[in-house]
Amino acid sequence: MNNIKDVDKSYVANTYNRFPVEISHGKGSVVYDTDGKRYIDMGSGIGVTAFGISDDEWKSAVTGQLSKVQHMSNLYYTEPCALLAKMLCEKTGMKKVFFGNSGAEANECAIKIARKYAAENKGEDYYTIVTLENSFHGRTLTTLAATGQEHYHELFKPLTPGFVHTPANDFEALKALCDKTKTAAIMIECVQGEGGVIPLEADFVKKTAEYAAENNILLMVDEVQTGNGRTGELYAYMNYGIQPDVVTTAKGLGGGLPIGAALLGEKVESVLGFGDHGSTFGGNPVSAAGAISILGRIDDKLLGEVKAKSKFVFDAFSGADGVESVSGMGLMVGIKTVKPAGDVVKSCLENGVLCLTAKDKVRLLPALNIPQDVLEEAVGIIKRACAQ
Ligand SMILES: *Cc1c(COP(=O)(O)O)cnc(C)c1O
């Protein structure tokens, strides 16, 4: 058996329904399969390769660190971990950072902090975490419990107790639920990603933040997908003028290497003490060096370009043939198509564009620095795939 697709099917667990394409290499927003076919990458590995494939600056940061030290236990200091934490805090006003390796781990850390903060400050029965219906927070049993989509829960019960869900954009319902529940924290995605690329309404987010602050309920924002420039601000919460107590992020932060981070605000910076939490790989120096090269380039100029490209994409698809509606923020775009989204994505793949779906929408998460001409070429192909 030497066909990689067959080897994969035989030996890799069946959790992914892969397209029949084997990607071998690429540069920027263009990748090639093993037959030499060219694709424009409009998914960037689900919002991970923030500056595209094999980006030179990122590569030199990563390989430079690789030739120094690739891993040290968290019993010792390493430079990239410390400098990345400093950078994250300086850019957000948060006070401390815990590093893990994925979005789910970042959220697990946030949840542990909420539980301990509430236990110490309000009482051990204040353990409930309120999240939104249609949210997505990860695949571990605890972050699944946080995820407000029942179909992910089926056959995996019992999940971690202490999570309740409330409809997005209904502040009165959220308040009523919190008022009758001993609530430790509220966790939201400012733009629901897996749920269909749906931004929360500004008024709902603002009222929720105010209510949380007044009632000593932690506000935790899951920026695993929306973070690191994706929405046109460094973090999506910055579009809403709120200051969360905990921000979690992952996906785009490492530029392609695994890293997750929980950013801790003033209220919770000292909640975790020695031995309360940890991770063998967390803060890995190679991942952190890569992340520094990503974060350092997400400046006002780049964010301005993200906003301009976002406007181009929204304008191109709004009212286009076969398009019912366009949603999202920045370069996180959901397109509700007349044809089933899966059919559109399949047709795009055949015509050399890699797209994603989110629920019943075509989802686009291109690299933040996708060149305008490459973006235009991809948009043209996707529009033809949407048209009837
Ligand atoms: C992808 C995602 C996660 C899970 O991240 P992993 O790295 O796959 O564990 C959590 N929350 C949101 C909002 C996500 O988009």
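What follows draws every value from the coordinates through simple rules; no lab data is involved. All figures in this text were calculated on a predicted structure; none of them were measured in a lab. Positions of Cβ are backbone-derived with ideal geometry, glycine not excepted, and every protein chain shown enters the neighbour counts.
If I model a spin label as a point 7 Å beyond the Cα along the Cα-Cβ vector, how far apart are those points for F281 and E377 in nm?
According to this spin-label approximation, the distance is 3.3 nm.
With θ set to phi - 60° and the Karplus curve 6.51 cos²θ - 1.76 cosθ + 1.60, what are the ³J(HN,Hα) couplings of the range 21-35 in order, to the nearest whole Hz, using x for Gly and Pro?
So the J values, rounded to whole Hz, are 9, 10, 7, 10, 6, x, 8, x, 9, 10, 10, 10, 8, 5, 8.
Where the centroid of each part is defined by its Cα atoms, how far is the range 58-117 from the range 302-353 in Å?
With the range 58-117 and the range 302-353 each reduced to a Cα centre, they are spaced 33 Å.
Just want the ordering: H277, H153, from fewest to most Cβ atoms lying within 10 Å of their own Cβ. Write down the numbers at each step before the final one.
Values: H277 18, H153 15.
Fewest-to-most Cβ neighbours within 10 Å comes out as H153, H277.
Antiparallel versus total DSSP beta bridges in the chain: what percent is that, nearest 5?
Expressed as a percentage, antiparallel bridges in the chain total about 65.
From the convex hull of the Cα coordinates of the range 58-295, what is the mean projected area in square nanometres?
12.4
Report, ordered by chain and residue number, the aspartates and glutamates lying within cross-link reach of K96, taken as a straight Cα distance under 12 Å and ignoring same-chain residues fewer than 8 apart.
Filter leaves D245, E266, E269.
Using Cβ contacts closer than 10 Å as the measure, can you line up Y237, Y152, Y16 from fewest to most?
Taking fewest neighbouring Cβ atoms as first place, the list is Y16, Y152, Y237.
Tell me the mean residue ellipticity at 222 nm calculated for the chain from its helices only (DSSP H runs of n ≥ 4, each -39500 (n - 2.57), averaged over every residue, nearest 500).
Dividing the helical sum by the residues of the chain leaves -11000 deg cm²/dmol.
Report the full-extension gain for the segment K157 to E133: residue separation times 0.36 nm, less the Cα-Cα distance, to one decimal in nm.
Details: separation 24, 0.36 × 24 = 8.64 nm, distance 1.80 nm.
Extra length available between K157 and E133 comes to 6.8 nm.
In whole Hz, what ³J(HN,Hα) sequence does the range 54-66 give by Karplus (6.51, -1.76, 1.60; θ = phi - 60°), x for Gly and Pro?
Coupling constants for the range 54-66: 6, 4, 4, 5, 4, 4, 6, 5, 5, 5, x, 6, 4 Hz.
Using Cα atoms only, what is the angle between the long axis of helix 300-317 and the major principal axis of the chain, expressed in degrees (0 to 90) to the nearest 10?
The two axes meet at around 60 degrees.
Quick one: Cα centre-to-centre distance for the range 157-211 and the range 9-50, in angstrom?
Spelled out, the Cα-based centre of one part sits 34 Å from the other.
For a quick check: with amide H placed at 1.01 Å from N, whose amide H comes under 5 Å from E133's, ignoring anything fewer than 5 positions away on the same chain?
The answer is T166, A168.
With the cut-off at 1.5 for a/c, could you classify the range 177-282 from its C-alpha gyration tensor as rounded, prolate or oblate?
Values: a/c = 1.96, a/b = 1.09, b/c = 1.80.
Note, shape of the range 177-282 comes out oblate.
Within the set of other residues whose C-beta is less than 9 Å from the C-beta of T49, count the net charge using Lys and Arg as +1 and Asp and Glu as -1.
That sum, taken over residues with Cβ under 9 Å, equals -2.
Once you've got the GNM for the chain with C-alpha springs shorter than 10 Å, pick whichever of P244, P199, P20 has the biggest mean-square fluctuation.
Sorting by GNM fluctuation, first place goes to P20.
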